[in-house]
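All remarks here apply to the structure that follows.
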Amino acid sequence: MTIIKTMGVSSPAHVASLKAYLEDGRALARETRNVVDPERAFDEMERTRHAYGHDVAAREGCRNTLMWHQVIGFLPEEADFNGGTMTAERCMDFAREWLETRYPDQEAVFALHREGCAADGTERYAVHVAMNRTMLDGSGRRLDEGPARVAKATRAKAMRAMDARWGLSQVRANERNSRIHARQPSRAEREMTSRGMTPEKERIRECVKTRVREVRDGPSAGNKMRELSRRVQADGIRMTVSKSGRQLKFESHGLVVNGEKLGRGFSMAGIARGLGTDAARSAARQAERDEGMDR
């Protein structure tokens, strides 16, 4: 699924920073929506906010969100330079459809960038959108999508529907969703690595991967999943199965983490595939069917 992120822009300095990024000469394409003069789009949006009184907070003492910054991030493998179907032109068409269907009454500026990840060298297309909050439907209201959690869920649902129409991949929660973009370490993990320490999640991953290979390639065991549990227990890692039988949990040194959050290969289906027995493959197929029912 195409990733959609939304951030509030609350200060003039943040507006200026976003404007500079969207007008950067490195942008591959740039367009506006509901703007009369594209060359002065940000000035025009500021005048609109002022005309409707939206340049100050609705309630005294509250932070005033001037506009929204949305990022439409396509998976690296969807990009044409990685063998995918999304050209720069199609990415802009996608963003245009997103704004026309979901935000028809907003002024907006959007620009396409080719972004890189320094950690693994992968690149992707991403469209950055600066969207004014003032509604142009004559109501004089600010754009309000509801509580943050609800708004995030509804945007994700709308993006999944667009991906289906465009034939793009669907994201699965708590899994690595790009085949070519590596899982990125958290800030805490990076800090531990910089101090020469091995983050506990990384230790669990390495131990489980090693033990899965040993069980798969070793002498036949009656129950390979049970044998795997016994071996990781020797590494100080407790592996348990959820009550539903569809998820694995790993516990080590006070850290408890779902297998899916360690990566696709650590879910019930991923471990089952790694072990490679007929029973394991059956468990993997059942887990995948269950995952499909949950979505």
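A few remarks follow.
- Listed by chain and number, the lysines whose C-alpha is less than 26 Å from the C-alpha of Lys261, apart from same-chain residues fewer than 8 away, are Lys5, Lys152, Lys157, Lys201, Lys209, Lys224, Lys243, Lys249.
- DSSP assigns beta bridges within the stretch 1-131; of those with both partners inside it, close to 95 percent run antiparallel.
- Computed over the stretch 1-106: relative contact order in percent, which uses C-alpha pairs under 8 Å that are six or more apart: 39 percent
- Cα gyration tensor shape of the stretch 23-77, rounded if a/c is under 1.5, else prolate or oblate by comparing a/b with b/c: oblate
- Residue-level accessible surface for Tyr21, protein heavy atoms, 1.4 Å, Å²: 80 Å²
- Whether the stretch 213-257 is rounded, prolate or oblate, judged on the alpha carbon gyration tensor where a/c under 1.5 counts as rounded: oblate
- Residues in the stretch 63-102 reached by a label modelled at His14 [backbone nitrogen below 16 Å; 7 Å Cα→Cβ]: 63-71
- Between Ala148 and Thr210, the FRET efficiency estimated from the beta carbon spacing at R0 = 30 angstrom works out to 0.15.
- For the stretch 219-269, the residue among Gly265, Gly222, Met239 whose Cα projects farthest onto the positive side of the dipole built from Cβ charges is Gly222.
- Relative to the current alpha-carbon distance between Cys117 and Asp93, full extension at 0.36 nm per residue lengthens the span by 6.2 nm.
- Per-pair calculated FRET efficiency, R0 = 25 Å: Ser242 and Ser220 via Cβ, rounded to 0.05: 0.40
The values are calculated or read from the model by the stated rules, or taken from the named source; none is laboratory data. Remember, predicted model here, so these are calculated numbers, not experimental data. When we count neighbours, we look across all protein chains shown, and the Cβ atoms used for this are built from the backbone with ideal geometry, even at glycine. The protein model used for the area step is the full one, side chains on, heavy atoms only, and it has no ligands, DNA or RNA in it. Shrake-Rupley method; radii C 1.70, N 1.55, O 1.52, S 1.80 Å.
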